[in-house]
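The values are calculated or read from the model by the stated rules, or taken from the named source; none is laboratory data. Not measured: the values here are computed from a predicted model. Note: ideal-geometry Cβ built from the backbone for every residue, glycine included; neighbour counts use all protein chains shown.
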Amino acid sequence: MNMFLKHLYQKWKAMFYFVLVFICVQAFIQYKRVETIPFFIFDLYSGKARLSDTGYYDRYYLNGNYFDTRKLSSREQETLLGSYDYYLHLKANDFYATDTMTIHNRFYGRIPGHLYKTVFDRLTNRKVNDSAYLYWWRAYFEQVSNQKVDSIVKITSRISYKPEYRVMKDTVSIIKYAFR
């Protein structure tokens, strides 16, 4: 690295200073543990992975018929299935999309009170509700399945791998929010 920076300094000083500032900013972000794209906190990805003895398997039924989500592209699966899990997380948190303490720590006392309220309201996005998401979700299901969707049923099976493989419990979620 030292040789690279030395060579860069000799050949292209402007880029050397740019890289130096970039390294300093990244070091500062690591030190302060600020999660800001495109900078990431190293220990978010460096923790030891633990093997779980329990897993979950989801099955989806559209209009009462099984829909194989494995035939979707990775992007479609992530958009369709990952967004629903995030929606459930948001719903459990009364649709606060962000950690309110993080917003408070970053902005409170640093900007005027009326501006703080505006920033807080916009970052927490309290105007989201069930119907806005579920109508979009149903429309996306219709798009990827090429069929009209009136009802969606999600069955989640909890599976134990130890001491032996067995299905422990099924949870049925019937998602029907006055689609039509």
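List of remarks:
- Within segment 1-35, tally of residues that are more than 18 Å from R106 (Cβ to Cβ), loosely packed, with under 11 Cβ neighbours inside 10 Å and at pLDDT 75 or above: 9
- Considering the conditions (1) over 30 Å from T171 (Cβ atoms); (2) at pLDDT 75 or above, Y61 is excluded by exactly one of them, (1).
- Options T156, T118, T171; residue that is modelled with pLDDT of 80 or more and under 25 Å from D53 (Cβ atoms): T156
- Matching residues in segment 68-108 - criterion: being exposed (fewer than 10 other Cβ atoms within 10 Å of the Cβ) and either at pLDDT 85 or above or more than 29 Å from F141 (Cβ to Cβ) (or both): D68, R70, S73, S74, R75, M101
- Residue that is nearest to Y84 (Cα to Cα), among those in segment 121-138 that are at pLDDT 85 or above and either among the aromatic types (F, W, Y) or in contact with a Pro (Cβ under 7 Å, 6 or more places away or on another chain) (or both): W137
- Index of the failed condition, P38 passing every other in (1) at pLDDT 85 or above; (2) outside the structural domain of K162 (by TED's automatic domain parsing): (1)
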